[in-house]
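J.: I have a structure I would like to understand better, so I am pasting it below and will then ask my questions one at a time.
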Amino acid sequence: MTADRDQEFSRYVTERSGALLRIAYLLTGNRADAEDLLQTALAKTYLSWNRIQDKGALDGYVRRVLVNTQTSWWRKRRVEEYPTDQLPEQVWEDTGPAEIELRSTVWNSLAQLPRRQRAVVVLRYYEDLSEAETAAVMGISVGTVKSTASRALAKLRTDGALRDARVAIPAPLRPPAGEPLPKSAKVDAD
């Protein structure tokens, strides 16, 4: 039984570790922290492996563990990191300078968001989870996901660097009170 569990878990980790590491990186903003977070989340998942009934929902389970573990670490940690205006240069293979600059711009903007807002943006728009799935992963209500995403996207829309880089940020469904609809949203009565 243990050998089967070990093989099944090893197969899952081999197949999904790349995608899960990307999520962890987007949650932490640092490769080393992301690796630690993923390792911890996978260790917790391994300990719970026999209790997980629906193996088709493993990604959701691990995402939830990632978010909960990262939140727990954030609450416990002392201020050992000091924010800077510049990120150290990072090298991506097979990437041109324009794409590196764009990634850096997006990451800098995401890093300015509070942790909960960043987590909602990562899960909703990077992982393409629904509002209900994001709420389940984070252990919050769907309404909280909606309001948090709305506030996060509003902050990102005011970021001049993203605007200059022409990054597409999802538009709100309706404009704030008192503002007219954009011309592209108006429907002709004819």
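J.: Report the GluC sites (Glu not before Pro) located in the range 116-165 that are in a DSSP loop and have at most 15 other Cβ atoms inside 10 Å of their Cβ, or state none.
T.: none
J.: Continuing with this model, one more query. All other residues with a Cβ under 11 Å from the Cβ of Val142 taken together, and with Lys, Arg as +1 and Asp, Glu as -1, what is their net charge?
T.: That sum, taken over residues with Cβ under 11 Å, equals -1.
J.: Once the other residues with Cβ under 12 Å from the Cβ of Glu133 are scored (Lys, Arg +1; Asp, Glu -1), what is the net sum?
T.: -1
Any read-out appearing in this document is the output of simple, stated calculations on the displayed coordinates, not a laboratory observation. Remember, predicted model here, so these are calculated numbers, not experimental data. So basically every Cβ, Gly included, is an ideal-geometry build from the backbone, and we count neighbours across all protein chains shown.
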